[in-house]
Amino acid sequence: MTIGWAYWLLIAVAIQRLVELARANRNTRALLARGGREVGREHYPLIVALHASWLATLALLTAPDPPVNWGLIAVFALLQVLRIWVLASLGPYWTTRIITLDDAPLKRVGPYRFLRHPNYVVVALEVPLLALILDLPIPALVFGVLNLILLAVRIRIENRALAARRSSGAATYQHPSSPLPEGEVDGQGPAGEGLRTHPELAQADNKSSSASATISVAARRSDS
């Protein structure tokens, strides 16, 4: 008995989710140990239930070897590349829960320089896309809509939790390539990365220093 390619694909996605969940749990414990706090805990079981039922439904309804749509498969593969970029950019700060460090700075890194919530973009697209790859348009619509509703709730909670941190450090700036000794990298900045002054302020300081030096030289000449 052979297993169709659709089941192999679902097995690969399930393994991916389990590996990511283990990493997220490890990061969550580390962030909580540093003084982080979880917000929006109430909606998290709904997200877990949605994704588990999504994969289970696809496994139950799919044919072992549905028609192959290479275009959809290519888009799904590109989304996985973006997912890996997100995880690599956030590093130890990536979690499946909303964990915030109130005193930690914010900064833009990786895909967060271009999108505010790239990870949620990936999830919003891949949930219906995987169903369409398996030639299941109705589950694609149902789970796609349910997923968008939960993401809207999650994003609202996350933005509210980060609003105070965004406003508290608005007067400072850090170049995106400058490393932080400590801080949460969540793509909502820049706000609070007070390791460097804004380049325009630094340029103004340099001009002021140059002007002061010129005046000092002129004064010495006039005294002589």
If each K or R counts +1 and each D or E counts -1, the residues other than residue 20 whose Cβ falls under 13 Å of its Cβ total +4
Counting Lys and Arg as +1 and Asp and Glu as -1 over every other residue whose Cβ sits under 15 Å from the Cβ of residue 127, the net charge comes to +1
Distance in nm between residue 156 and residue 29 label points, each 7 Å along Cα→Cβ, equals 3.4 nm
Extend 7 Å from the Cα of residue 46 along its Cα-to-C-beta direction; within region 89-103, residues with backbone N under 18 Å of that point are 96-99
So for region 25-169, using the alpha carbon gyration tensor with a ≥ b ≥ c as root eigenvalues (a/c under 1.5 gives rounded; past that, a/b versus b/c decides prolate or oblate), I'd call it prolate
Given a Förster distance of 30 Å, the FRET efficiency implied by the Cβ-Cβ spacing of residue 114 and residue 61, rounded to the nearest 0.05, works out to 0.25
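Here, each number is a calculation from the coordinates, and none is a lab measurement. All values derive from a computational prediction rather than experimental measurement. Cβ atoms come from the backbone with ideal geometry, glycine included; neighbour counts cover every protein chain shown.
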